[in-house]
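Contents: one structure, followed by commentary.
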Protein chains: 2
Amino acid sequence: MQYSYAYPHPAVTTDIVIFTIQHSRLEVLLIQRLKDPFKDCWALPGGFVDIDENLENAAMRELCEETGVRDVYLEQLFTFGDTGRDPRERVITVAYFAVVPNHLLQPIAGSDAAAVAWQPVDQLPALAFDHDRIIETARSRVSAKARYSTIACQFLPKEFTLSELQTVYEILLKEQLDKRNFRKWILSLNCIEATGAMRRNGQHRPARLYTPVDPGHVAFIR
Amino acid sequence: MQYSYAYPHPAVTTDIVIFTIQHSRLEVLLIQRLKDPFKDCWALPGGFVDIDENLENAAMRELCEETGVRDVYLEQLFTFGDTGRDPRERVITVAYFAVVPNHLLQPIAGSDAAAVAWQPVDQLPALAFDHDRIIETARSRVSAKARYSTIACQFLPKEFTLSELQTVYEILLKEQLDKRNFRKWILSLNCIEATGAMRRNGQHRPARLYTPVDPGHVAFIR
DNA sequence: GCAAAAGTGTTACGCGTACACCCATGG
DNA sequence: CCATGGGTGTACGCGTAACACTTTTGC
């Protein structure tokens with residue numbers, strides 16, 4: 001079957017930059033392409049937007065297909081539509097980014113045939129299309145949002161220690177933070193609260209556990 | 001001539017929210033639609049993205065057609081693509097916003113037949129499609145950017161007085177500012193500098209003129 | 001008892017905020 | 001000389017930044 005229009009129409013895709021923190025660094029989920037163009041190249045997960053599907057739903061569908069997760073943080077990033085960014089036809093991609101807590105990232109379920117891998121954003125392989133630019137844009141956005149929102153909590157499970165949260169901030173901001181100042185600051189925001197529970201990790205004092213006051217919600221701060 | 005595809009393709013448009021400050025308020029450029037759907041309704045300027053035209057070029061083209069200006073601040077805002085937002089076919093719109101200095105806004109040149117008018121963002125008529133939501137998104141963005149960038153300078157001509165700049169901030173932020181504190185703050189940013197020239201406006205002391213250190217560039221501050 | 005991470009308080013400095021009067025000009 | 005907006009300085013308080021030692025646990 002063919003679909004015809006009086007004027008040429010571009011194709012519209014969504015690509016999604018899925019972030020997690022693993023191995024003490026920011027990582028992104030990539031797939032290895034099976035077909036040309038850019039066969040064997042690494043690329044962002046993504047695909048065509050169905051004609052009767054909202055953009056955000058398309059991005060959620062991709063996210064779920066690649067990671068098996070839902071109900072994680074998802075935000076529209078930017079729309080990349082330069083002519084020539086895909087050699088086959090005019091393709092405009094609405095890029096999204098997602099933040100997946102690291103305890104949920106084992107099951108890369110439902111991914112189709114291509115290889116799928118978490119890769120550190122600071123040492124990426126050659127990427128298909130303009131996906132390097134998309135990832136760089138997403139990286140800037142998520143780091144910037146760490147400064148003025150509670151997005152960092154989205155990298156962690158429902159309960160976490162203050163040290164874990166501090167590590168997330170340090171990775172996103174690429175700078176070391178003072179432990180006492182960090183604790184004073186994060187607690188003064190009233191965006192997380194102690195659960196009362198503790199966690200024993202190793203041969204040292206157990207840590208108090210905290211949880212977001214408003215889970216799933218990214219609040220603006222300052 | 002017909003253009004055929006193996007899968008259905010959405011149409012892609014750009015709509016552009018063109019802001020200026022006039023009559024001591026934030027205003028936006030609207031056009032009155034000549035045809036259905038939403039005949040006679042007010043709407044944002046915009047139109048289809050040519051198949052061999054970059055998105056930003058499409059937005060610049062619209063801006064230039066509607067206002068005759070070029071080389072003003074233009075930024076991608078958000079992509080609105082809900083199914084059903086256009087009753088004719090699936091239309092995904094990449095929205096941009098622009099800031100036009102008020103001394104350039106007389107010549108609404110080259111606009112095609114429909115009525116064109118500047119309207120205050122706080123008293124808008126009923127709008128076509130989801131254009132009310134687009135304008136609200138743009139309004140939030142420009143106000144937020146006033147707090148952490150030098151975008152306010154983009155509303156003014158190359159040379160302006162500190163009182164004029166303060167008025168722009170007050171309109172964007174919807175709050176009164178203290179004159180002495182504003183001057184101390186804006187000068188400490190080193191984003192504007194005195195030209196040495198003065199301007200006589202009325203029957204009072206002439207004002208020093210200032211100009212952006214890096215004209216055309218919107219710097220992040222704080 | 002030792003290694004390893006958790007937890008805790010005080011001081012100093014800079015920035016943001018509050019606030020009122022004189023100056024230059026035109027009419 | 002009067003009306004109008006232009007231009008200027010200080011004092012206070014809060015928030016950010018610097019900084020080191022004790023506690024609890026496992027081995």
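The table that follows gives values for the structure above.
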read-out: Check on A:F220, in contact (Cβ under 8 Å) with a residue 60 or more places away in the chain and surrounded by fewer than 12 Cβ atoms within 10 Å (Cβ to Cβ); value: yes
read-out: Odd one out for B:T137 among (1) modelled with pLDDT under 95; (2) of a type in the set (V, I, T); (3) more than 16 Å from DNA strand D (Cβ to nearest atom); value: (1)
read-out: Flag for A:L30 being in contact with a Leu (Cβ under 8 Å, 6 or more places away or on another chain), buried (at least 20 other Cβ atoms within 10 Å of the Cβ) and assigned by TED's automatic domain parsing to the domain that holds A:V121; value: yes
read-out: Matching residues in the range A:198-212 - criterion: being within 18 Å of A:P101 (Cβ to Cβ) and within 11 Å of DNA strand C (Cβ to nearest atom); value: A:R199, A:N201, A:A207, A:L209, A:Y210
read-out: Failed criterion for A:H9 (all others in (1) buried (at least 22 other Cβ atoms within 10 Å of the Cβ); (2) outside any loop (DSSP other than H, G, I, E, B) hold); value: (2)
read-out: Any hit, the range B:169-179, residues being in contact (Cβ under 8 Å) with a residue 60 or more places away in the chain, surrounded by 18 or more Cβ atoms within 10 Å (Cβ to Cβ) and within 16 Å of DNA strand C (Cβ to nearest atom); value: yes
read-out: When residues of the range B:140-164 are limited to those that are outside any helix (DSSP H, G or I) and within 16 Å of DNA strand D (Cβ to nearest atom), the one nearest to the other protein chains (Cβ to nearest Cβ); value: B:L156
read-out: Meets criteria (surrounded by fewer than 17 Cβ atoms within 10 Å (Cβ to Cβ) and not hydroxyl-bearing (S, T, Y)) for A:E66; value: no
read-out: Matching residues, the range A:37-62, being within 17 Å of B:T79 (Cα to Cα) and either assigned to a loop (DSSP other than H, G, I, E, B) or hydrophobic (A, V, I, L, M, F, W, C) (or both); value: A:F48, A:V49, A:D50, A:I51, A:D52, A:E53, A:N54, A:L55, A:A58, A:A59, A:M60
read-out: Cβ-Cβ under 6 Å pairs, at least 6 apart or on other chains, the range B:184-196 side more than 15 Å from B:Q166 (Cβ to Cβ), far side more than 9 Å from DNA strand C (Cβ to nearest atom) and among the aromatic types (F, W, Y); value: B:A194/B:Y210
read-out: Residues satisfying the stated conditions in the range A:1-49, i.e. free of Cβ contacts under 8 Å to residues at least 60 places away in the same chain and within 14 Å of chain B (Cβ to nearest Cβ); value: A:M1, A:Q2, A:Y3, A:S4, A:Y5, A:A6, A:Y7, A:H9, A:G47, A:F48, A:V49
read-out: Residue match in the range B:71-79 (condition: exposed (fewer than 15 other Cβ atoms within 10 Å of the Cβ) and within 12 Å of chain A (Cβ to nearest Cβ)); value: no
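One line per residue, one yes/no per condition, for (1) assigned to a loop (DSSP other than H, G, I, E, B); (2) under 24 Å from A:D71 (Cβ atoms):
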| site | (1), (2) |
| --- | --- |
| A:R180 | no, no |
| A:A197 | no, yes |
| A:Y210 | no, yes |
| A:H217 | yes, yes |
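The values are calculated or read from the model by the stated rules, or taken from the named source; none is laboratory data. Everything numeric in this text was worked out from a predicted model, so none of it was measured. Quick reminder, even Gly has a Cβ in these numbers, built from the backbone with ideal geometry, and neighbours come from all protein chains shown.
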